[in-house]
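Everything on this sheet refers to the single structure shown next.
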Amino acid sequence: MSRKKTLLIGAFILTLTGMISRIIGFFYRIFLSHAIGAEQLGIFQLVSPVYSMALSVCSAGIQTSLSRFIAAKTAEKDSSSALHFLVTGTVFSFLLSLLSAAILYFFAAPIGEGFLGESRTVPLLQVLAFSLPLSVVHSCIAGWYYGRNKTAIPSLGQLLEQIIRVMASYIIYLIFLSEGRTPSALLAVLGTLAGDLVSCLFSLIMIRLETLHLGYRIRTLTKPFAYLKLLLLMSYPLMANRVCMSLLHSLETTLIPGRLLANGMETAEALSIYGVLTGMAMPLIFFPSTITNSVSVVLMPDVARNQAAGNRSSIASTTAQTIRFCLYLGIFSLGIFFFFGNSMGTILFHNDDAGVFLRILAFLCPFLYLDATLSSILTGLGKTRQVFFQNVAGHSIRIVFVWFAVPIQGIRGYLIGMLVSEILTTFLRLASLYREVFFSFHAWSDLLIPSGAMAAAAGCTLFLGQFLQPLPLSSLTVLFLEVGTAACVYLLLLRPLLPRNILRRKR
């Protein structure tokens, strides 16, 4: 099987399972918004950056390094060395996660009350401490499968984790109601713990079966520190990148409610606004990024293999096609969220603010989806330091807007800061990548035609809306029909530009 076909199959598997997981997660967010309310949702979102930071310290850089080294050893048909990397990286990350979990559990009160400024986050942090080692093991094992282009196993684990999370949260919700307790954010973190436990057990079972199949013996690992040194040398800048980003994101999280108070809001209102933004609007904006994130995961090891083989033309071709695809998806998403944002907020979340946020955040989409893939390509080329400084620049801009713009303009000041930050980061990545790989870009076919196609698709839905208005259909059904029609028209108009047609012309 060719590398290109393997890449496409891997991306398809990740996209399919990722899309299913996002759909489940999307309805899960709707359930949470109705079950615990916007304020409790905001409290749940407050602890997420702290947990992400702990997870980044333990496994973020290691997983990416594992993926790269395992991909290289697999290309050399050296499965034994690849497994040596896996064992060394997993054991190191697991031990680090135990230390991090202990800190998170025993220092939950200072973190919650002092750093986050909300005492109700303390029990949530303590529950998430138990989830940390489980998530780290699952993450490292996923790095093995990504490096070998076997995306089905981690994809299935991700899907299983999401299903268990939703089921556990719903069961806990019913228990709360039966006991006469008010459902709170605690049910969400308990669901997270249950999902991580099941996905960890699944990953351990699958990797054990694979090591038996390959005949691996751990006693052949005679120099673990040599493998660990290589992993740490590569993972250090990646880990520093992720930890720094998590710190900056945590700073954003803690600053936003306080700066909203400076805008004249009460504490409950500030948390509710933050909950609507991060728990309702943002997950919807990130929903289409399932596709680009899936491509990013398989792009990095593929670019690393092509670079090792000196195949610059393949990297350039992959880069150009990836940029074009991300722009097509981003422009479509921009149109959908801008034209249908108000309806989505009202119909899906019963919240007008969510619709307003969606329309503003719509302009993020082309840059947001492009950013992830460009970062993955640069990482595959070994440009982790550049990616790090670009991320720092982007997040720093957002913090500046939080501090200075939010007290004046409210949450809109933060949204504007996000847009400015994403535009800057994307253009910095494009400039860095262009210096490494010469790739083609055509404004007419990559920007103007998709924009015109989206405008035409939106126009068609106006006529459809007039036709559907007198019919006895629910608002949700009408919304799905309009969005589906826009998607079909958009794809139909872009059909001459799709890769399959381009290949046919060349033939």
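Please give the charge dipole size of the chain, origin at the Cα centre, charges +1 on K and R Cβ atoms and -1 on D and E Cβ atoms. Round to the nearest 20 debye.
Here the size comes out at about 2360 debye.
What span do the alpha-carbon atoms of the range 49-252 cover on each of the three principal axes, reported in whole Å from largest to smallest?
59, 33, 26
Longer than 22 Å from Cα to Cα, which of Lys73/Lys229; Lys73/Lys150; Lys73/Lys223 are they? Say none if no pair is.
Exceeds cut-off: none, every pair is within range.
Hey, what's the Cα Rg ratio for the range 80-161 versus the globular rule of thumb, 2.2 N^0.38 Å?
Dividing the Cα radius of gyration by 2.2 N^0.38 Å gives 1.36.
Once phi is turned into ³J(HN,Hα) by the Karplus curve 6.51 cos²θ - 1.76 cosθ + 1.60 with θ = phi - 60°, what whole-Hz value does each residue of the range 277-285 show in order, with x for glycine and proline?
Working through the residues one at a time gives 5, 7, x, 10, 6, 4, x, 5, 5 Hz.
Across the range 147-158, in residue order, what do the Karplus-derived ³J(HN,Hα) couplings come to in whole Hz, using 6.51 cos²θ - 1.76 cosθ + 1.60 with θ = phi - 60° and x for Gly and Pro?
After applying 6.51 cos²θ - 1.76 cosθ + 1.60, I find x, 9, 6, 10, 7, 5, 5, x, 5, 5, x, 5 Hz.
With +1 on the Cβ of every Lys and Arg and -1 on the Cβ of every Asp and Glu, and nothing else charged, how large is the dipole of the range 356-468 about its Cα centre, in debye rounded to the nearest 20?
Approximately 240 debye in magnitude.
Expressed as a whole number of Å, what is the distance separating the alpha-carbon centroids of the range 348-371 and the range 94-111?
The range 94-111 and the range 348-371 have Cα centres spaced 34 Å from each other.
Looking at Leu228, Gly264, Leu238, which one has the Cα that reaches farthest to the positive end of the dipole of the range 216-270 (charges on Cβ: Lys, Arg +1; Asp, Glu -1)?
Leu228
Can you pull a Stokes-Einstein diffusion coefficient for the range 431-484 at 20 °C (1.002 mPa s), Rh from Kirkwood over Cα pairs, as a whole number of µm²/s?
So the translational diffusion coefficient is about 152 µm²/s.
Rounded to two decimals, what is the ratio between the C-alpha radius of gyration of the range 362-467 and 2.2 N^0.38 Å?
Against the empirical 2.2 N^0.38 Å value, I get 1.35 for the range 362-467.
Count the net charge of all other residues whose Cβ sits under 14 Å from the Cβ of Leu271, scoring Lys and Arg as +1 and Asp and Glu as -1.
Once positives and negatives cancel, what remains is -3.
I need the phi-derived Karplus couplings for the range 68-77: 6.51 cos²θ - 1.76 cosθ + 1.60, θ = phi - 60°, integer Hz, Gly and Pro marked x.
5, 5, 5, 4, 5, 5, 5, 4, 8, 6
Across the range 122-178, how large is the tail of the calculated P(r) beyond 17 Å, expressed as a percent of all Cα pairs?
Counting every Cα pair in the range 122-178, those more than 17 Å apart make up 54 percent.
Towards the positive end of the charge dipole of the chain, with charges on Cβ (+1 Lys, Arg; -1 Asp, Glu), say which of Gly330, Thr379, Gly25 has the farthest Cα.
In the chain, that residue is Thr379.
Tell me which residues come under 5 Å, amide H to amide H, from Asn351 once H is placed; ignore anything under 5 positions away on its chain.
Amide H neighbours of Asn351: Thr346.
Which of Pro154, Met418, Gly195 sits farthest toward the positive end of the charge dipole of the chain, with +1 on the Cβ of Lys and Arg and -1 on the Cβ of Asp and Glu?
Pro154
Treating only the Cβ of Lys, Arg, Asp and Glu as charged (+1, +1, -1, -1), what charge dipole size does the range 49-252 show about its Cα centre? Round to the nearest 20 debye.
760
Compute log10 of I(q)/I(0) for the chain with the Debye formula, placing one identical point scatterer on every Cα and leaving out solvent, at q = 0.09 Å⁻¹, to two decimals.
So the normalised log intensities work out to -0.66.
Where a number appears in this text, it was derived from the coordinates with a stated rule and is not lab data. In this text, all values refer to a predicted model and were calculated from it rather than measured experimentally. Cβ coordinates were reconstructed from backbone atoms using ideal geometry, including for glycine residues, and neighbour counts include every protein chain displayed.
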